[in-house]
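Below: one structure, written as structure tokens.
Each reported figure results from applying straightforward, stated rules to the coordinates on display, with no laboratory input. Quantities reported herein were computed from a predicted structural model and do not represent experimental measurements. All Cβ positions, even for glycine, are placed from backbone atoms using ideal geometry, and neighbour counts span all protein chains on display.
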Amino acid sequence: MSRASQIEIALDLPRPWGGERFELTAIKPLTYIIGPLGSGKTRLAQAIAATTPGAIFLGLDRLVAGETAESHLANDTALNARVEQALTQLTEDGATPSPALTALIAGLEIEGPTVLVVDMVEQGLDQSTREAVIAHLRHRGPDARPLFLMTRSCAILDLTAVGADEAIVFCPANHSPPSLVAPYPGAAGYEAVATCPASPEVRARTEGVIARRPQVA
């Protein structure tokens, strides 16, 4: 039995939901969390990290236990070696070296957590780097540590490439409870998921945008 399949997630959904129960069993090595702006992706991701034993949330600052990637790399020679090896392979596969890529890979290579929940995995990465990163993560195999990847990138979540070791959790714009969506046309929620991933150019135009619900007087 793979490490991922032994993990189950069960929690009462935070705002903007009404406390509905959310459960996932037989977790896949890669699970994408996707939805339009303001749909609650970040709240769901943080709740998964907070309620799953051994999980951590890797935010946009890529801090782990309050420390930067540079700090971890400077103090952990084994981690530094793993990160250097991964970066070399990624560069050979077309990735562009950058501090954002190093920080992401350092967070992904940290030992200890049983689950990693990653905020906007594509943050700061160009298109070719995103493609190299997701290929790298797919090659980890079925026994790899489960990753929950928040994304709105068409390079990270290519619906035509989703495999058996991957799952999609969709957060609807109307704040209905998040649900698993199968990656094929005709499946419930597929068309809504297909409208969410965007190119780097579109993502750049919405970078930093925060959707807010209107205040009711």
message = Suppose the chain between Thr195 and Thr88 were pulled fully straight at 0.36 nm per residue; how much longer would it get relative to their current alpha carbon spacing?
response = 35.2 nm
query = For labels at Asp12 and Thr51 in the simple 7 Å Cα→Cβ model, what's the distance in nm?
reply = 0.9 nm
task = Would you mind calculating the gained length between Leu159 and Glu23 on full extension (0.36 nm times residue separation, minus the Cα-Cα distance), in nm to one decimal?
result = 46.7 nm
message = What do you get for the angle between helix 99-109 and the principal long axis of the chain? Use alpha-carbon atoms, 0 to 90 degrees, nearest ten.
response = 90 degrees
remark   = Assertion target for Arg21, Arg152, ordered by fewest C-beta neighbours within 10 angstrom first, is Arg21, Arg152
message = If you fit an axis through the alpha-carbon atoms of helix 41-51 and take the longest principal axis of the Cα set of the chain, what angle between them do you get, 0 to 90°, nearest 10?
response = 70 degrees
note = HN-Hα couplings for region 60-65 via Karplus (6.51, -1.76, 1.60; θ = phi - 60°), in whole Hz with x for Gly/Pro, come out as 5, 7, 6, 6, 10, 6
message = Could you tell me how far the Cα centroid of region 144-174 sits from the Cα centroid of region 49-128, in Å?
response = 18 Å
request  = Positive end of the charge dipole of the chain (Lys, Arg +1 and Asp, Glu -1 on Cβ, about the Cα centre): tell me which of Pro146, Ala10, Ala86 has its Cα farthest that way.
outcome  = Ala10
task = Would you mind ranking Leu180, Leu116, Leu101 by Cβ crowding within 10 Å, fewest neighbours first?
result = Leu180, Leu116, Leu101
task = Report the residue, chosen from Glu92, Glu109, Glu84, that carries the largest GNM mean-square fluctuation when the chain is represented by alpha-carbon nodes joined by springs under 10 Å.
result = Glu92
key: Charge dipole (debye, nearest 20) of the chain; +1 at Cβ of Lys and Arg, -1 at Cβ of Asp and Glu   = 680 debye
query = Ser179 to Glu70: extension gain in nm, 0.36 nm per residue of separation minus the Cα-Cα distance?
reply = 35.6 nm
task = Classify region 1-152 as rounded, prolate or oblate, taking a ≥ b ≥ c as the square roots of the eigenvalues of its Cα gyration tensor: rounded when a/c is under 1.5, otherwise prolate if a/b is larger than b/c and oblate if not.
result = prolate
